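This report concerns only the one structure given below.
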Amino acid sequence: MLGALTINLWTYIFEFLDQKDCFDVEIVCKRFCQILRENEKFWSRECLNKYISFDLELYSEIYQSDDYKTNLKSRLSWAAKKQWRTLLREGVQLEKQFFSLIKQISTKEESEDFMRDFFQTLKEPNLPLVSLKRETFVKNTQTAFQNKLSEVLYEDCIFQPKKLNFIESSKAVIDKLGESEAGLLHEMALDEKSSFMKARWYINQKNDKLLEEAISNEKQKNDMALESYNHNNSQGISNVSTEDSLIVNSNHSYLLSMYDCLRDTLIHFCHLVSEYLSCLDNFYDLLAEYTARWKVYVCSMLEIEKTFSTFADLFNKAYGAVFEGYPGFPKFSIWRLMTKIWISEVYEHQKVKSSLNAAFQQILLNHRDKNMKQIICNDQIFEFSDIQDPTIPKCLYINFHLDQEMNLQGHHHAYFDENFQAEKELLSDYMQAILDLSLNEVSIHFFDCTELPVSCFYEELEELFLSNTQNYYECHQPLFNKCPEYFCAFVKADCSLFAESFVERTKHKFVALQVNHGLQFMRNLIKDQIENFNLLDLSLGLENSSLNFISEENELEIFIDENIKYVLEEGYSKNKMEEESFYGQMKNSNGILKKVKLHVQKKHKLLRNDFAHLMKRLNEMNEMIENDKFIKYNNCEKNIPFELGDTDGFFYSLDKDLNVSLLEKLHDDYLLMTKDEMKIESESNTMLPEEENGQMMNMNLDQDFLEDIDLMNLDNLQLRRTLY
């Protein structure tokens, strides 16, 4: 009877089952197993329905469009992969392990609620609550993750409202760990040191072997410390409840087991996101979905961190007790763990990073071309200049119209083609998403600084944008040789696209690039006009000129004179072997500078206006640099360093992986420093008591003075060293 039904019919019947039932059906017979495993679209649908939400209107405006969601889902249905079934089965196993672990400290009903809330938080979290910032916080952050970074150093003094977490019941489950603190800390001291160290510093699996070799050298010292720890805490452990004793007597420490379950679940989720992104072959879909998924992940991160706050506190206490003298800052945190997992499993996974940057580059070019086509073809360019003749040169109109049509071939998107502002916000959101991964809790305090310290992620994206901009200007610059009055308007129009999208660091570099191109264009224009006339023709032409020359030596006139001198001196230096050269005569003639300026103004009537714009942009750059001094001074007053240095940079940066050799070296330095301090203290105690009263008084004054100085930080101002 079963064999009479076709494969298509069985496939249709199985469509009405959920993933749990399908896993059960697979073990009925070999035929059912084969039919289900070959139905990749079914597993794709089930996996995405379980872990990926498409109701993200709160996080991304593009999801307010039903057409966007419909088209996205239809494209995903054709991107079925064999990995979906494997990912789904792995997720089920991880969920069972996590459930059994939570069940040890709560009831079955509470555990079921916890697991449901946890995965719902990953899939579709609530928006984070907005907290008021003090005046010491960074003010101009633009994302929820940047807000979090700006508050990390002040977490001890931030007022945390109670019972505002939407999964308060889940937090209560984890808070039960606090009732078993003594037993849990004792259990962690008995656990394997290599696993603990790896978990504490988020060290990758590839470093496990090296870690175990390094830690084994400290085994005897750790065992001695453990015996002392057990003796000092024996009274507290004897009072542990029955529930605590179950945890203590387990084969593995409960805190490490919870860490493993949490880490593996987050890695699995991020791996699933990366597979989801790899299914998107349209540049717009890829960039839009990455930014949307990152925003959702950040909101999940903030909720999960609140839920596991007690766990993180116990984890840090246990580390401090077991690894005395090892680096201790920054403390272990859920947000840092989740960020590092996202970087390794999503952003740097296979070809996601390169595909994202390629998509950004192409969409940026498309957006620029759309902008210039709209401005030039709709006569909006006059809004960016003082041009009197309202006639667009034919060469500009045809060129930008054809270029825009050519660049868009193969990169269309129904939603973004009709929503210019949405495309602009997409580019801005992506840059902010990459900036999130490139900052840390220290560098965020220099957010408005032109020298903002960032990691290689944002540096690469910024360089990609600047090189794209330079190529774009160089490609279109020859078009304006016949109509130079439009070049400055072209640059202004392009600048208007990104005026509010950049941090000060990128804005400063963008302005510098525009000014350099503008000055080079104006200098070439001056040079071309001068070379078309000899000195006599220039003098005769100026006698009959009706242009009025402004004689005042104001700042603008000085700026124009300097650029004309630059052109003359450059031409003279190339012809300095010819004593009677044209540039030599002009350079050494009295009053020739004013004549040259009048001649160029006659050919390019907006010369002064364009130079005025360039000078204004230069002044803006100088103001940014002056603001840098103010920011650095304020942070220095709060003991926040501008540069962390190589050592501390490894610990605070989100994109760098620690290695065991560095941890061991810092530990050895700590032991050496402690030995030196004990030696100094011993020598001070053996001083002769017959010293004069005056000498004793001077010594006491010196000691009182040194108590107020942090000797370890005199050479390099640090917020909080990794060892202390």
**Report entry** Computed label-point distance, nm, for sites GLU555 and LYS353 using a 7 Å Cα→Cβ extension
**Finding:** 4.4 nm
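At a Förster distance of 56 Å, what's the computed FRET efficiency of LEU672 paired with LEU58, Cβ-Cβ distance as r, to 0.05? Working shown, then result.
On the way: r = 54 Å, r/R0 = 0.96.
Between LEU672 and LEU58 the formula returns 0.55.
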Query raised in the report: For the residue pair ALA172 and CYS483, what label-to-label distance in nm results when each label sits 7 Å from Cα along the Cα-to-beta-carbon direction?
Result: 7.1 nm
Requested in this report: Convert each backbone phi in region 525-530 into a coupling constant with the Karplus relation 6.51 cos²θ - 1.76 cosθ + 1.60 (shift: θ = phi - 60°), then list the ³J(HN,Hα) values in order as whole Hz, x for Gly and Pro.
Outcome: 5, 4, 4, 5, 5, 5
Requested in this report: May I ask you to evaluate 6.51 cos²θ - 1.76 cosθ + 1.60, the Karplus curve with θ = phi - 60°, for each residue of region 96-107 and list the ³J(HN,Hα) values in order in whole Hz, giving x for glycine and proline?
Outcome: 5, 5, 5, 4, 5, 6, 5, 5, 5, 10, 8, 7
Query raised in the report: What length, rounded to one decimal in nm, is gained on full extension from SER467 through to ASP417, with 0.36 nm per residue of separation minus their alpha-carbon distance?
Result: 15.5 nm
Report task. Along Cα→Cβ, 7 Å out, is where each label goes; now give me the distance between the ones at CYS456 and ASN71 in nm to one decimal. Result -> 3.6 nm
Query - Phi-based couplings in Hz for region 46-59 (Karplus 6.51, -1.76, 1.60; Gly and Pro marked x) - result: 5, 5, 5, 5, 7, 10, 10, 9, 10, 10, 10, 4, 6, 9
Query - Extension reserve of the GLU664-ASN316 stretch, reckoned as 0.36 nm per residue once the Cα distance is removed - result: 123.4 nm
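Pull out the extension gain between LYS679 and GLU324, defined as 0.36 nm times the separation in residues minus the alpha carbon to alpha carbon distance; nm, one decimal.
Values: separation 355, 0.36 × 355 = 127.80 nm, distance 2.00 nm.
Contour length minus the Cα-Cα distance gives 125.8 nm.
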Requested in this report: Only residues of region 296-319 count here: report those whose backbone N is under 15 Å from the spot 7 Å along Cα→Cβ of LEU129, or say none.
Outcome: 302-309
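CYS449: net charge of surrounding residues, Cβ under 11 Å, Lys/Arg +1, Asp/Glu -1, itself excluded?
Values: positive: ARG505, LYS629, LYS632; negative: ASP448, GLU451, GLU504, ASP628.
So the environment of CYS449 carries a net charge of -1.
None of the figures in this text is laboratory data; all of them are computed from the coordinates on show. If you're wondering where the values come from, they're calculated on a predicted model, not measured in any experiment. Neighbour counts run over all protein chains shown; Cβ positions are idealised from the backbone, glycine included.
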